[in-house]
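Presented below is the structure to which this report refers.
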Amino acid sequence: MAGPGHFVRGRLPSRGGAGDDPAPGDPGALSEGTGGRSMDTDLSLASPAQSRAARGRWLTVAALGFGHFVDQGEGQAMSTLFPAIRDALGLSYSHLGVIATIRLILQTLSQPVWGYLADRFNRKWVIVFGTGIWGLWTVACGLVTNYWQLLWVRAIAGIGLGCLMPPTFSLISDLFGPRERGRAMGVLGGVGYLGIVLSVLGLGFLLRDPVMGWRYGFISLGLASVLSGVVIALVVKEPPRGAAEPELQDAITYEAAGRFVIRREHLGLIFRIPTMWVIFVQGVFGVIPWVIMGTYFITWLVDVRGIPQTQAPMVFAAIVVGQVVANVVGGVVADWADRRSPAYGRIVVAQFSMFNGIWMTYVLFTRTGGLTFVQLTAFAFVVACFIGWAGKGSRDPILQGVLLPELRSTAWAIAGAVEGSLSALSAFWAGWLADRLGLQATLLAVPGSWVLLWLAWLSFYWVYPRDSLRLRAAMAARRKELEGARAEAE
């Protein structure tokens, strides 16, 4: 049986040249009827009905999106509810910092575990357990009576926040073909940003009750998480791994997919894919702008731009809403570009967005002093609409396009853990910079980071086309293996 190791060892397939007869089992050996696939081959999912899950794939996206919506809202709960929690439990800012740090550490460290479990077992039920049942810990946050109870219960609840995205990343790749994944991931990301906006508004409404409001907030979010688990259990249909790969969509079955199962010894293969290392490197610079914006933008508006404290959050909300638009539009545009240029389309779209991030954030932080509140809010919204295309629309489909189906949850989780760790370091670095140079200089690190991110993405032009071809060759070899097994059975 062809194992995952064939993917790493295999050479690039021919682009139609003759005289090269690959040995059996070599991923360069393309099955009859598949032809010599290249990066220019149409890899759209031609017949979603090939699997039961694909027939309702957008309904599945909606169910997973609901879970992501709740998770993103829950991630904002502590900072939104803290003023009331502080008064009720007698906490300090340092207490908030400890709670947030421990929760982030456990969430980050738990992601690879959830990812491996999702690759090893049924992805839907991993999500139901980690998102639905685990949501009861968030309910428990609303029942605590002192700091230590809140610290540990919130930390345990944070472990569940690392569960949803690794299996979701894998499920999307088995529901949508390589030319459609940007749109699906973009919609999912946009729904997540809506969760941030609406949770802040909803939790703020609950805080009108100064005594019980924060408790109602945690309990409501926990129950919503449980509800999302129920919805996912009822709606999501587990597709066979690899069901949306062009070479396998009419050949793979649940039984056949069971031939290709992740094992611990396969984890090292993830780190032998050059594109993964570019993902890690770009993550170093990719998290910095959002950490700085999320931590200091509102304070900058108040202290540097003189925006009233009651109005500054509205400008930040405009950026978050703009990210909803950016995720969806970026996914659609990246899919279009991928159809035009499979090797480079998503990379070009991502770098276009990063270039916008460079000059638009520089203008935002240096040339908006004379704008009115309405003008500044509108400009912040426009900026956000153009600088968020790289993640869900380009980076995630690129990652899906170089990984074997049975490794995708784990690989995404490892990349997420790396970025989560960098987020914590970036927050520390940004605070150190703000104390010494001031908020204005700190905010200028945002366009500077976009420059470094744009440069880091240049490496994709070299590694991604080659790694993508290797995956296509491995999938063709896998099809040939399945056809051989079927012939033997007959």
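The values are calculated or read from the model by the stated rules, or taken from the named source; none is laboratory data. Model, not experiment: these values are computed from the prediction. So basically every Cβ, Gly included, is an ideal-geometry build from the backbone, and we count neighbours across all protein chains shown.
Helices (runs of 4 or more DSSP H) wholly in the stretch 369-469 with at least 2 residues that are of a type outside the set (A, V, I, L, M) and surrounded by fewer than 19 Cβ atoms within 10 Å (Cβ to Cβ) - which ones?
On the way: elements: 373-386, 396-400, 408-437, 439-443, 445-457.
Helices (runs of 4 or more DSSP H) meeting the threshold: 373-386, 408-437.
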### Message
Looking at (1) touching a residue at least 60 places away in the same chain (Cβ under 8 Å); (2) within 30 Å of MET475 (Cβ to Cβ); (3) not charged (D, E, K, R), which one does LEU422 not meet, given that it meets all the others?
### Response
(2)
### Query
Given (1) more than 20 Å from GLY294 (Cα to Cα); (2) modelled with pLDDT under 90; (3) in contact with a helix residue (DSSP H, G or I) (Cβ under 9 Å, 6 or more places away or on another chain), where does VAL226 come up short, assuming only one miss?
(2)
## Note on the structure
Apart from one, (1) touching a helix residue (DSSP H, G or I) at 6+ places or on another chain (Cβ under 9 Å); (2) closer than 30 Å to GLY97 by Cα all hold for ASP335; the odd one out is (2)
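Could you go through the stretch 244-255 and let me know if any residue there is of a type outside the set (D, E, K, R) and under 21 Å from the mean Cα position of the chain (by Cα). I'd like the intermediate steps shown before the answer.
Initially, the stretch 244-255 is screened for residues of a type outside the set (D, E, K, R), giving 244, 246, 248-249, 251-254.
Filter once more, keeping what is under 21 Å from the mean Cα position of the chain (by Cα): 244.
Yes, that holds for at least one residue.
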### Summary
In the set LEU227, LEU164, LEU223, the lone residue that is hydrophobic (A, V, I, L, M, F, W, C), under 17 Å from VAL70 (Cα atoms) and under 21 Å from the mean Cα position of the chain (by Cα) is LEU164
### Task
Identify the residue in the stretch 301-315 that is touching a Phe, Trp or Tyr at 6+ places or on another chain (Cβ under 8 Å) and crowded, with 19+ Cβ neighbours inside 10 Å and, among all such residues, is nearest to PHE379 (Cα to Cα).
VAL315
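If you go through the stretch 120-132 one residue at a time, do you hit one that is within 21 Å of LEU91 (Cβ to Cβ) and free of Cβ contacts under 8 Å to residues at least 60 places away in the same chain? Break it down stepwise before answering.
Taking the stretch 120-132 first, the residues within 21 Å of LEU91 (Cβ to Cβ) are none.
Checked the stretch 120-132: no residue is within 21 Å of LEU91 (Cβ to Cβ) and free of Cβ contacts under 8 Å to residues at least 60 places away in the same chain.
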### Query
Does ARG436 satisfy being of a type in the set (Lys, Arg) and touching a residue at least 12 places away in the same chain (Cβ under 8 Å)?
no
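Being outside any helix (DSSP H, G or I), over 25 Å from LEU404 (Cβ atoms), over 16 Å from the mean Cα position of the chain (by Cα) and not aromatic (Phe, Trp, Tyr) narrows it down to one residue among LEU59, LEU81, LEU143, LEU106; which is it?
Working: LEU59 fails: outside any helix (DSSP H, G or I); LEU81 fails: outside any helix (DSSP H, G or I); LEU106 fails: outside any helix (DSSP H, G or I).
Among LEU59, LEU81, LEU143, LEU106, only LEU143 is outside any helix (DSSP H, G or I), over 25 Å from LEU404 (Cβ atoms), over 16 Å from the mean Cα position of the chain (by Cα) and not aromatic (Phe, Trp, Tyr).
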## Note on the structure
Of the conditions (1) buried (at least 24 other Cβ atoms within 10 Å of the Cβ); (2) in the same structural domain as LEU81 (by TED's automatic domain parsing), the single one that SER220 does not satisfy is (1)
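Test ILE159 against the stated conditions and say whether it is part of a helix (DSSP H, G or I), surrounded by 24 or more Cβ atoms within 10 Å (Cβ to Cβ) and outside the structural domain of LEU469 (by TED's automatic domain parsing). It would help to see each step written out before you state the result.
Working: part of a helix (DSSP H, G or I): yes; surrounded by 24 or more Cβ atoms within 10 Å (Cβ to Cβ): no; outside the structural domain of LEU469 (by TED's automatic domain parsing): yes.
For ILE159, the condition - part of a helix (DSSP H, G or I), surrounded by 24 or more Cβ atoms within 10 Å (Cβ to Cβ) and outside the structural domain of LEU469 (by TED's automatic domain parsing) - is not met.
Against the condition surrounded by fewer than 23 Cβ atoms within 10 Å (Cβ to Cβ) and in a helix (DSSP H, G or I), how does VAL211 come out, does it pass? Before you say what the answer is, go through the steps one by one.
Values: surrounded by fewer than 23 Cβ atoms within 10 Å (Cβ to Cβ): yes; in a helix (DSSP H, G or I): no.
Considered against the rule, which asks whether it is surrounded by fewer than 23 Cβ atoms within 10 Å (Cβ to Cβ) and in a helix (DSSP H, G or I), VAL211 comes out as no.
Being assigned to a loop (DSSP other than H, G, I, E, B) and either out of contact with any strand residue (DSSP E or B) (no Cβ under 9 Å at 6 or more places or on another chain) or farther than 21 Å from PHE69 by Cβ (or both): is that true of ALA243 here? Full working, then the answer.
On the way: assigned to a loop (DSSP other than H, G, I, E, B): yes; either out of contact with any strand residue (DSSP E or B) (no Cβ under 9 Å at 6 or more places or on another chain) or farther than 21 Å from PHE69 by Cβ (or both): yes.
Taking the combined requirement at face value, the residue satisfies it.
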## Note on the structure
Exactly one of GLY189, GLY242 is within 25 Å of LEU404 (Cβ to Cβ) and not assigned by TED's automatic domain parsing to the domain that holds GLY75, and that residue is GLY242
## Note on the structure
So, first residue among the hydroxyl-bearing types (Ser, Thr, Tyr) in the stretch 133-145, second residue part of a helix (DSSP H, G or I) and surrounded by 19 or more Cβ atoms within 10 Å (Cβ to Cβ), Cβ within less than 8 Å, six or more apart or across chains; the pairs are THR138/GLU74; THR138/ALA77; THR138/ALA157; THR138/GLY160; THR138/PHE218; THR138/LEU221; THR138/GLY222; THR138/SER225
